[in-house]
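Below: one structure, written as structure tokens.
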Amino acid sequence: MKFINWLKKQKKLLKWCKAAGVRALKTMAETALALIGTNTIGITEVDWVGIASACALSGVVTLLTCIKGLPEIKE
């Protein structure tokens, strides 16, 4: 019985990780698009390090927000 409960918890955790990861990747992509889109000089002048750090930060913030709950997961 303990093993079955453990499996249910693992399945729920895996579902949460997948949904949170997808949400974080989408947020990171939106952040990158917004930052690249605001650059009017040209693609060669883009601060790629700044964009990467902003995307990473937005992903972390999204994951922390997902701890509160995900509407994609009904349980």
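Read-outs throughout are calculated quantities, based only on the coordinates presented, and are distinct from any laboratory measurement. As the structure is a computational prediction, the values presented were derived from the model and not from experiment. In this analysis, Cβ positions are derived from the backbone assuming ideal geometry, glycine residues included, and neighbour counts consider all displayed protein chains.
Key figures
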item	result
Förster radius 22 Å - calculated FRET efficiency between Thr65 and Leu25, Cβ distance, rounded to 0.05	0.95
Computed label-point distance, nm, for sites Lys74 and Gln10 using a 7 Å Cα→Cβ extension	2.4 nm
Cut-off 13 Å between beta-carbons: net charge of the residues surrounding Gly21, Lys and Arg +1, Asp and Glu -1	+3
Normalised contact order of the chain, rounded percent, pairs of Cα under 8 Å and 6 or more residues apart	45 percent
FRET efficiency estimate (nearest 0.05) - Cβ-Cβ, Met1 to Thr38, R0 35 angstrom	0.05
Angle between the chain longest axis and helix 2-37 axis [Cα atoms, degrees, rounded to 10]	10 degrees
Alpha-carbon Rg/Rh ratio, for the chain, with Rh computed the Kirkwood way	1.21
The chain: angle of helix 48-66 to the longest principal axis, Cα-based, in degrees nearest 10	30 degrees
